[in-house]
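For reference, the structure is listed below as C-alpha cells.
The values are calculated or read from the model by the stated rules, or taken from the named source; none is laboratory data. Since the model is a prediction, treat every value here as computed from it, not as a measurement. Please note: Cβ atoms are built from the backbone with ideal geometry, for glycine as well, and neighbour counts cover all protein chains shown.
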Amino acid sequence: MEGIGNILFERSTRAKRINISVRPFKGVRVAVPYRISLEKAVAFAGSRRGWIKKSLKKMRQMEKDHKSLSIRFNDIDRQEAKKILVKKLDELAKAHGFKYNRVFIRNQKTRWGSCSSKNNINLNVKLVRLPDRLTDYVIIHELVHTRIKSHNKKFYAELERMVTDRKALDQELKKYGAGLL
C-alpha cells in the first residue's frame, strides 16, 4: 500500500470482522473473514491508513528499543532468576498478607506476570533484569489479583494502597516492554 509498504492480507476462520494488527518484526497484517471480499478488506485498510502509519512509527521505535534491550535480557540464568523471584514473591506476599497457590517462572513474550483463577502466579524470567522497584511492582500487582481478578476500580484502589506511584511505575515499565519480544 502506498505510503505504508507491504501488508499481509490473510483469510481467517476465527475472524468475525476485518482486523488490522501491527506487530514488531512482523509488520502489518489484515485478518479477513471468509464472508468478506478481499476488495472490501483492501478498502478498509486504506480507510485506516493514518492509524496504520502511526502504529508503524511506534512499532519501528519498539524494534529499535528491542535491539538495545536485547543485550540486557539475554543470557539469564533461569535457576538463579527463579530463586530471586520466588524469594521476592514470598517476602512481598508475607509483608502484605497475601496467599498464592503455586509460582511459575517463564520466558514470556507479552507479559511481565499473570495470576490464574486458582491463584497460581506466573512471572517472567526477565523481571530479574528490571530495577527492583519495577520487579516489586509487578509482583504486588499479581498478588492483588489473588484477591481481585479484574482490573476494576476496586483492584486499583487496593494496588494503590500498597504502591503510591502506580501510574509512574506503569509508564516506566512500558519503556522495558520491547525487551519482552
Just the residues that are of a type in the set (Gly, Ala, Ser) and either surrounded by 14 or more Cβ atoms within 10 Å (Cβ to Cβ) or over 29 Å from residue 64 (Cα atoms) (or both), please, taken from the stretch 1-43.
12, 15, 27, 31, 37, 41, 43
Can you name every residue in the stretch 36-63 that is basic (Lys, Arg), within 14 Å of residue 3 (Cβ to Cβ) and in a helix (DSSP H, G or I)?
49, 53, 54, 57
Selection count where residues are surrounded by fewer than 15 Cβ atoms within 10 Å (Cβ to Cβ) and either modelled with pLDDT under 60 or among the basic types (Lys, Arg) (or both), scope the stretch 54-79:
11
For the stretch 121-137, how many residues are surrounded by fewer than 18 Cβ atoms within 10 Å (Cβ to Cβ) and in contact with a strand residue (DSSP E or B) (Cβ under 7 Å, 6 or more places away or on another chain)?
1
What pairs come up if the first residue lies in the stretch 155-171 and is touching a residue at least 12 places away in the same chain (Cβ under 8 Å), the second is surrounded by 13 or more Cβ atoms within 10 Å (Cβ to Cβ) and among the aromatic types (Phe, Trp, Tyr), and their beta carbons are under 6 Å apart, counting only those six or more places apart or on different chains?
163/137; 169/137
